[in-house]
1. Using 7 Å Cα-to-Cβ label points, what is the residue 158/residue 118 separation (nm, one decimal)?
2. Which of 29, 83, 128 comes first, and how do the rest follow, when ranked by fewest Cβ neighbours within 10 Å?
3. Checking the table 59/231; 59/99; 136/164; 99/164; 164/230; 59/168 against a 20 Å threshold on Cα-Cα, which pairs fail?
4. For residue 10 and residue 206, what does the FRET efficiency come to when R0 = 25 Å and r is the distance between their Cβ atoms, rounded to the nearest 0.05?
5. Show the residues, 5+ positions off or on another chain, whose built amide H is closer than 5 Å to the amide H of residue 23.
6. Each residue of the range 138-155 in turn: what ³J(HN,Hα) in whole Hz from Karplus with 6.51, -1.76, 1.60 and θ = phi - 60°, glycine and Pro shown as x?
7. I want to verify a result. In a Gaussian network model of the chain, Cα cutoff 10 Å, which of these has the top mean-square fluctuation: 73, 198, 85?
8. Suppose every K and R has +1 on its Cβ and every D and E has -1 on its Cβ; what is the size of the dipole of the chain about the Cα centre, in Debye to the nearest 20?
Amino acid sequence: MHTHVYVPSRRFEDYEYCRICGTYHSTALMDKRELYEDGYWSAETGHSSFPEQIDNITKFPNEVGVSKIDYAINSMQLGGKVLEIGCAPGVLLNRARRKGMTVIGIEPDVTLIPYIARVAGLCEDSILHGYFPDVKTDTDFDYAVAMDVVEHVERPEEFILGAKDRLKIGGHFFMMSPIIDKGFYRARDFWAKEHAYIFSRTYIESFLQDHFTEVHFGRWMTGHECFLCKK
């Protein structure tokens with residue numbers, strides 16, 4: 001682990017990068033309320049509609065041949081208790097529930113909670129409103145899941161350690177995020193102004209190994225990777 005030493009990026013506008021590990025950090029951070037509470041993720045802003053997102057996460061197999069929801073679900077054993085942080089549009093919660101798991105979601109956009117609950121097949125009380133890790137939950141989850149969330153938060157280390165705190169001993173944290181690995185990345189991740197960080201594998205894997213007993217790297221697609229970490 002190290003303290004980042006950032007220098008301006010000549011390749012990507014509005015980013016600086018750490019000259020030690022290669023992690024990129026946005027110099028034009030969006031306010032979290034704009035990002036999560038003011039309709040930023042709507043189709044009207046050029047993002048996918050929820051039906052399109054559902055198609056993408058459930059039907060689009062990448063390099064490993066499965067959708068990213070399948071990739072996460074396949075890492076879980078039957079039964080158990082799941083916390084999904086940033087749970088729109090509710091598909092993962094639905095799949096986990098159908099596998100017999102007890103599921104809880106956290107979502108910062110209160111207007112999305114009825115939609116998420118409907119997709120997930122849950123009552124709205126199962127979707128907690130607020131920002132993680134500020135939202136209080138139980139601390140006995142078998143799995144905490146953050147699919148494409150960590151890269152959006154300004155204090156990702158605090159976020160990850162907050163997820164670890166919600167797990168019982170032996171529980172797992174599943175994280176998916178844009179990653180730079182040996183120079184490979186997705187250029188589109190630098191066009192998306194909502195990304196606060198694009199981590200190098202060197203940095204994020206080292207951080208996870210410092211705080212979890214086991215860390216397993218998994219490739220869903222080049223430049224968009226996942227880690228399964230055991231407490």
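FYI, it's all coordinate maths here, none of it is from the lab. Remember, predicted model here, so these are calculated numbers, not experimental data. Ideal geometry is used to build each Cβ from the backbone, glycine not excepted, and the neighbour counts take in all protein chains shown.
1. Here the answer is 3.5 nm between the modelled labels.
2. Numbers: 29 16, 83 29, 128 19.
Final ranking by Cβ density, sparse to dense: 29, 128, 83.
3. Details: 59/231 31 Å; 59/99 18 Å; 136/164 13 Å; 99/164 23 Å; 164/230 9 Å; 59/168 32 Å.
The pairs that break the limit, which is 20 Å between Cα atoms, are 59/231; 99/164; 59/168.
4. Working: r = 26 Å, r/R0 = 1.03.
Once rounded, the FRET efficiency stands at 0.45.
5. 18, 200
6. 5, 10, 10, 6, 7, 9, 10, 10, 9, 8, 6, 10, 4, 5, 8, 9, 6, 10
7. 73
8. On the way: 26 positive and 34 negative charges, 159 e Å.
It works out to roughly 760 debye.
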